[in-house]
Amino acid sequence: MAQDRHPAENRMIDAIVATATPPGRSALGIVRVAGPGTRDVARVILGEQPFQHRQATVRLATHGNHPIDQVVALYWEAPETPIGEDLLEITTHGSPEILAAIVDAAVSAGARPAEPGEFTRRAFTNGKIDLTQAEAVETLIQARGHRARRAAVDRLNGEFSRIVREARTPVLDLLCLLEARLDHPDEDIPPLTDSEIFSALDGLLSPLDRLIAAHDRGRIERDGIRVCLAGKPNAGKSSLLNALLGRDRAIVAPTPGTTRDTLEEHATFEGLPVLLVDTAGMRANALDPTEQEGIRRAQQALAGCDVAVLVIDASQWVGGTLPAEELAHRVRIDQPVVVAFNKSDLIADRAPLTGGIAISAKTGEGLGALSLAVARAAGCSDMDQGESLLIGARDRKALSVAKAEISAARSDVLAHPGRWEDRVAGRLRDAHASLGAILGEGAPDEVLHAIFSRFCVGK
Ligand code: GDP
């Protein structure tokens, strides 16, 4: 079997080394060394004084006779370590030169540079975490918005694995029941009737349906809401973009037609990742081809967004036609529209501002209410923050395979009344294996490699 393994796994006896903190200068930096040779590496670069499990000590790190830095070294002794092997974390002053020198010294002492995700892969191979938790490490690092971050922490803590096991246990129970009869036909195990197996299979389907639906509902929370700021020139779209970002990104000018291209910036609204798109103002009498092209791009951006925010200059607004309908008519979009009456600081009478939110890009009034309205319009409510974000694309695929197997088992019962036991047992076996693959059971090496190679080095 060894030849089927990823090279990293064949070399699990190596000590590996990598910088765990990002490149650049900072207060502190961390280098990690792991694997069976770690103690030797530690002795060579940090001195002979013995290490105690989970105890940090201050040491002078050296390469040959050359001092590198005064460091804090934390030693974890296998198997009680996060990755199941000896682990050494060296905290240095945060200079790239120091970090590189420590890595060099560790390599001279016998460690090899780690591959991307190799620390986490070892934790998985050593049974410290399952595959859903391993994936959560990278998801957590990449998560944008506090809801995604919380979901990733839950996944890292094994919340999703628990949900998957909960859906899988009854599959195994039913499979055992059928196999007991198939393996011991002489024993007195009463057969399930067609209607009993039917309702048992239905019972297996419902948690899978629930998880698949949760995943699909979570798309917008995972990928973020694309929010387009639209409206007439000078309504204050660029000012609003800057106010929402809390910094000057777009050029603000009193002359209409300043924004000629679309600008995209990331932000978070109510903990949801948002891509804010500032568009060129929509005016019928655009002056030159550049502005006309800007308007064409704005319409394209509107057509591809999840929510449009129609910015209206409240000081120019006299009430009348519902602006959302006007916008929908003009650019023919189906997405929800939130109306923002900007420049509310300029007006005393708010009576005409119906059907929208009074905001001021200048004073910040109403920006919280606007964020909330956008999150609601995108269909994200607090109800969604549970399972929907826990489930990734790989999980959804495996859940669908399991669901398809169980649905096929139902069809087998219909097609072969009273003679379905073999077929249904086969389907349940496949469904069980597919759910197990989510946790990493029997995952082929290409799959593991594809997952871990997305990680950054040092993870
Ligand atoms: P855009 O063409 O829609 O992007 O509009 P801009 O953001 O460039 O703003 C046009 C003008 O309106 C600028 O002079 C801004 O300073 C002004 N403006 C924008 N928002 C507000 C606001 O909330 N209050 C006030 N008083 N002026 C604003």
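Quick rundown of the values:
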| quantity | calculated |
| --- | --- |
| Test item: Cα-centred dipole of the chain, Lys/Arg +1 and Asp/Glu -1 on Cβ, debye | 1540 |
| Integer Hz, Karplus 6.51/-1.76/1.60 couplings in order for region 71-85, x for Gly and Pro | 10, 10, 10, 10, 10, 10, 9, 4, x, 7, 10, x, 10, x, 10 |
| Rounded to the nearest 20 debye, dipole of region 121-202 from Cβ charges on Lys, Arg, Asp, Glu | 1240 |
| Relative contact order computed over region 128-178 (Cα-Cα under 8 Å; 6+ residues apart), in percent | 36 |
| Tail weight of P(r) past 14 Å, computed on alpha-carbon pairs of region 171-232, percent | 73 |
| Linear extension gain, ARG297 paired with SER195, 0.36 nm per residue minus alpha-carbon span | 30.9 nm |
| Spatially proximal aspartates and glutamates relative to LYS397 (Cα-Cα < 17 Å; intrachain offsets below 8 disregarded) | GLU135, ASP209, ASP216, GLU387, GLU405, ASP430, GLU441, GLU446 |
| CYS456/ASP188 FRET efficiency (R0 56 Å; Cβ-Cβ; nearest 0.05) | 0.40 |
| Principal axis box of region 21-123, alpha-carbon based, largest edge first, Å | 31, 30, 23 |
| Length-normalised contact order for the chain - Cα pairs under 8 Å, 6+ apart - percent | 17 |
| Percentage, to the nearest whole number, of Cα pairs in region 364-459 over 23 Å apart | 55 |
| Gain in span if fully extended, SER95 to ILE141, counting 0.36 nm per residue against the direct Cα distance | 14.4 nm |
| Rg ratio (alpha-carbon, reference 2.2 N^0.38 Å) - the chain | 1.30 |
| Over region 64-136: Kirkwood hydrodynamic radius from C-alpha pairwise inverse distances, Å | 13.9 |
| Length added when fully stretched, ALA393-SER206, from 0.36 nm per residue minus Cα-Cα | 65.4 nm |
| Computed [θ] at 222 nm, helices only, for the chain once each DSSP H run of length n ≥ 4 contributes -39500 (n - 2.57) | -14000 deg cm²/dmol |
| DSSP-defined antiparallel bridges as percent of all bridges, the chain, nearest 5 | 60 |
| Sparse-neighbour loop sites [GluC sites (Glu not before Pro); region 66-165; at most 14 other C-beta within 10 Å; DSSP] | GLU80 |
| Projected label distance in nm at ASP345 and HIS266, using a 7 Å step from Cα toward the beta-carbon | 3.0 |
| Sorted by Cβ density within 10 Å, fewest first, the residues LEU140, LEU241 | LEU140, LEU241 |
| Over 20 Å between alpha carbons, listed pairs LYS128/LYS459; LYS128/LYS403; LYS237/LYS362 | LYS128/LYS403 |
| Which of GLU166, GLU265 has the fewest Cβ neighbours within 10 Å, and the rest in rising order | GLU166, GLU265 |
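Taken together, the values in this text are just the output of simple stated rules run on the coordinates, not laboratory data. Keep in mind that this is a model prediction, so the values were computed, not measured. Please note: Cβ atoms are built from the backbone with ideal geometry, for glycine as well, and neighbour counts cover all protein chains shown.
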